[in-house]
Amino acid sequence: MAANNRRMSGKKGAQVGSGGKRRRGLEGKGPTPPAEMRKGHAKQRAAKAKTRRGQGRPQRRPGGKASSELVVGRNPVVEALREGVPATTLYVQQFIDNDERVREALQLVAERGGINLMEAPRPELDRMTGGLNHQGLVLQVPPYEYAHPEDLLDAAFDEGEDPLIVALDGVTDPRNLGAVVRSVSAFGGHGVVVPERRAAGMTAGAWKTSAGTAARTPVARATNLTRALEAYQKAGITVVGLAADGDVELGDLEALEGPVAIVVGSEGKGLSRLVGETCDVRVRIPMPGGAESLNAGVAAGIVLYEAARRRA
């Protein structure tokens, strides 16, 4: 009975211990590791991503591709086919009224080869063109494959020549781009560089203005034009900016005899501030007639001619 009384008393008897686990738990886990080493922490994920990018980065990034384009209307389609603008498919409206332009478009497609010929109902062409007046003919132009700015240097060095490159700063008219491509080809240049944003690209209009020379003269696209020009300078290229208030006249510019990148700004605004500050020298084209400025295509042609004359 006495034993039973002890069992029912409020005193604690012997209990199963923790085996020291609680004591070890109180000892802590040491100092908190830095955020980069904590599993699941945002900084650790960022560090891992940075490492992966560094390991997988190629020696040279591709210039990228433009989006595909549609040439709409009978006259524009025929002109594009005449000028050799690259094309993948010619869409012809079902039950179209056959005239000279339609027949010529079909004939040019047959002569060139490699262009698909598709017949489509009018509602489908309306949908494709967003309701534009396509007149029953729509030509699909494939995305243009841009080069990387460094590719232009490699092409020149492979030929054993000093690079002659034109860079366009803020030129938004595709016809000006096409004219510059044509001049670069005519005077032995090695290519054209355009910015990725707020600039003309190689559209069907640029192809037509280039008169087919875009097929053999590369156009490179730079994510940041200023950095691309700085990379050229590190490679030993003199960067020459065209400006109405330039310090040197074109006839006195000796840099044209060596490796050079000629930067042409827009007709209205000229060179942007950062690009202008990056140039090694700013040159002006003398204009006795009193014109305030030249469009990009004409200005580039004049400087390229002078460069070709000195290198001959």
(message) Name the single residue that is nearest to residue 129 (Cα to Cα) among those in region 75-96 being touching a residue at least 60 places away in the same chain (Cβ under 8 Å) and open to solvent by less than 30 Å² (accessible area, probe 1.4 Å).
(response) 77
(message) Kindly evaluate residue 182 against the criterion of being of a type in the set (Lys, Arg) and not in a helix (DSSP H, G or I).
(response) no
(request) Residues being assigned to a loop (DSSP other than H, G, I, E, B), surrounded by fewer than 16 Cβ atoms within 10 Å (Cβ to Cβ) and not small (Gly, Ala, Ser): count how many of those fall in region 269-294. (result) 6
(request) Those residues that are in a helix (DSSP H, G or I), surrounded by fewer than 23 Cβ atoms within 10 Å (Cβ to Cβ) and touching a helix residue (DSSP H, G or I) at 6+ places or on another chain (Cβ under 8 Å), I need them from region 205-227; list them, please. (result) 205, 208, 209, 213, 226
(request) State whether one or more residues within region 238-248 are in contact with a Pro (Cβ under 8 Å, 6 or more places away or on another chain), of a type in the set (S, T, N, Q) and over 18 Å from residue 145 (Cα atoms). (result) yes
(request) Can you tell me which residue among 260, 264 is within 19 Å of residue 188 (Cβ to Cβ) and out of contact with any Gly (no Cβ under 9 Å at 6 or more places or on another chain)? (result) 260
(message) Tell me yes or no: at least one residue of region 149-164 is more than 29 Å from residue 255 (Cβ to Cβ), part of a loop (DSSP other than H, G, I, E, B) and not aromatic (Phe, Trp, Tyr).
(response) no
(request) Give the residue that is surrounded by the most Cβ atoms within 10 Å (Cβ to Cβ), with candidates limited to residues of region 228-261 that are charged (D, E, K, R) and without any contact (Cβ under 8 Å) to a residue 24 or more places away in the chain. (result) 254
(request) Filter region 191-204 down to residues that are more than 11 Å from residue 146 (Cβ to Cβ) and open to solvent by 40 Å² or more (accessible area, probe 1.4 Å) and give me whichever is modelled with the lowest pLDDT. (result) 198
(request) Out of 132, 139, 177, report the one residue that is over 19 Å from residue 233 (Cα atoms), hydrophobic (A, V, I, L, M, F, W, C) and open to solvent by 70 Å² or more (accessible area, probe 1.4 Å). (result) 132
(request) Tell me which of these residue 293 doesn't satisfy, since it passes every other one: (1) at pLDDT 95 or above; (2) out of contact with any Ser or Thr (no Cβ under 8 Å at 6 or more places or on another chain). (result) (1)
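The values are calculated or read from the model by the stated rules, or taken from the named source; none is laboratory data. Model, not experiment: these values are computed from the prediction. Here the Cβ is made from the backbone with ideal geometry for all residues, glycine too, and neighbour counts use every protein chain on show. Heads up: the accessible areas ignore ligands, DNA and RNA and are worked out on the full protein's heavy atoms, side chains in. Shrake-Rupley method; radii C 1.70, N 1.55, O 1.52, S 1.80 Å.
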